[in-house]
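In what follows, a single structure is set out as structure tokens and then discussed.
We did not get these values from a lab; they are worked out from the coordinates using the rules stated. From a predicted model like this one, the values you see are computed outputs, not experimental measurements. In this analysis, Cβ positions are derived from the backbone assuming ideal geometry, glycine residues included, and neighbour counts consider all displayed protein chains.
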Amino acid sequence: MRRTPVVLLHGAWLHASSWQGWTRCLTSRGYAVSAPGWPGEPDTVAATRADPSGWRGLGLAALTAHYARVARSFDTPPVLIGHCVGGLIAQYLLGANLARAAVALAPLPPGDLTGPIVAWPAVPESPGEPARLSLRGFREIFANAVEAGEATALFGRHVVPMPQRLLGDIAARSESGRPGLPVDTGNRDRGPLLLVSGQEDRLAPDSMTRAMYKRYGDSVAVSELAQFADRGHSLVIDSGWHAIADHVLGWLTDHGIRAGSGGAQF
């Protein structure tokens, strides 16, 4: 029986290895899971911190094209599960009919959705310098809903620099409202979409995710919103990630997207 492919798209300041728990969880349920890193991303957190130059110059368009190639590499459209900027890209690829279904966890808003992303750090002034997130910044905007000790542990385990150009692309969109990634929210023929927000998220606020959900109201395709109280932007890596993953698994099952299923059933 053919296994349903699932692709995990990580977000800003996290390494692809941050999906290890999710990979084990979804694999144990029978899904064929992959968590490809960004182009030029080193294999480990330590290596990325030591030398992030491999992805220097990576911007939103190139990152989106990278994951589009990944999605097209499967014999059948995969399920995409993305966090932060990965959640934005997952929505874009779903709207382009390159995914069977998508789950956007604490996602950045698409294109022309008005309202700021309130807490993005400044883009480094030196050209090519990676954008680094300090422990204090991580605690304030990313892991604000967990205890200080857990935030410190998460920072040490998962946090890496991100490309300056990508941060610039995101920050420019949040400040100006200009389209960054034109998600087709009106596509009537796409697969189902689940938007997930943490109500204490300071980086991609719950209010923005709710506004995104309303934007999808013009489409008859399935769009659902799950809001989690007392959860911040770290909801995919902190001690409560199991509850999020269980909800996602239940949602996939509810929509006929089982681990060993074949063709589209939405």
*Residue-span extension gain [ASP189 to LEU135] - 0.36 nm each, minus C-alpha spacing*: 15.1 nm
*In degrees between 0 and 90, to the nearest 10, how far off the longest principal axis of the chain does helix 206-215 point, with axes built from Cα atoms?*
40 degrees
*Looking at the chain, what % of its DSSP beta bridges pair antiparallel, to the nearest 5?*
10 percent
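What is the sum of charges, Lys and Arg at +1 and Asp and Glu at -1, for the other residues whose Cβ falls under 15 Å from the Cβ of ARG210? Intermediate values should be presented prior to the final figure.
Values: positive: LYS214, ARG215, ARG231; negative: GLU200, ASP201, ASP206, GLU224.
So the environment of ARG210 carries a net charge of -1.
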*About the Cα centre of the chain, how large is the charge dipole given +1 on each Lys and Arg Cβ and -1 on each Asp and Glu Cβ? Please answer in debye to the nearest 20.*
560 debye
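So for ARG157, ARG190, ARG165, ARG139, fewest C-beta neighbours within 10 Å to most, what's the order? The partial results should precede the final answer.
Values: ARG157 14, ARG190 26, ARG165 21, ARG139 18.
Listing ARG157, ARG190, ARG165, ARG139 from fewest to most nearby Cβ atoms yields ARG157, ARG139, ARG165, ARG190.
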_Can you compute 3J(HN,Hα) from phi for each residue in region 241-256, using the Karplus curve 6.51 cos²θ - 1.76 cosθ + 1.60 with θ = phi - 60°, rounded to whole Hz and x for Gly and Pro?_
5, 4, 5, 5, 4, 4, 5, 4, 4, x, 5, 4, 4, 4, 9, x
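At 20 °C and 1.002 mPa s, grab the translational diffusion coefficient of the chain from Stokes-Einstein with a Kirkwood Rh over Cα pairs, rounded to a whole number in µm² per second.
Values: Rh = 18.3 Å.
Estimated diffusion coefficient is 117 µm²/s.
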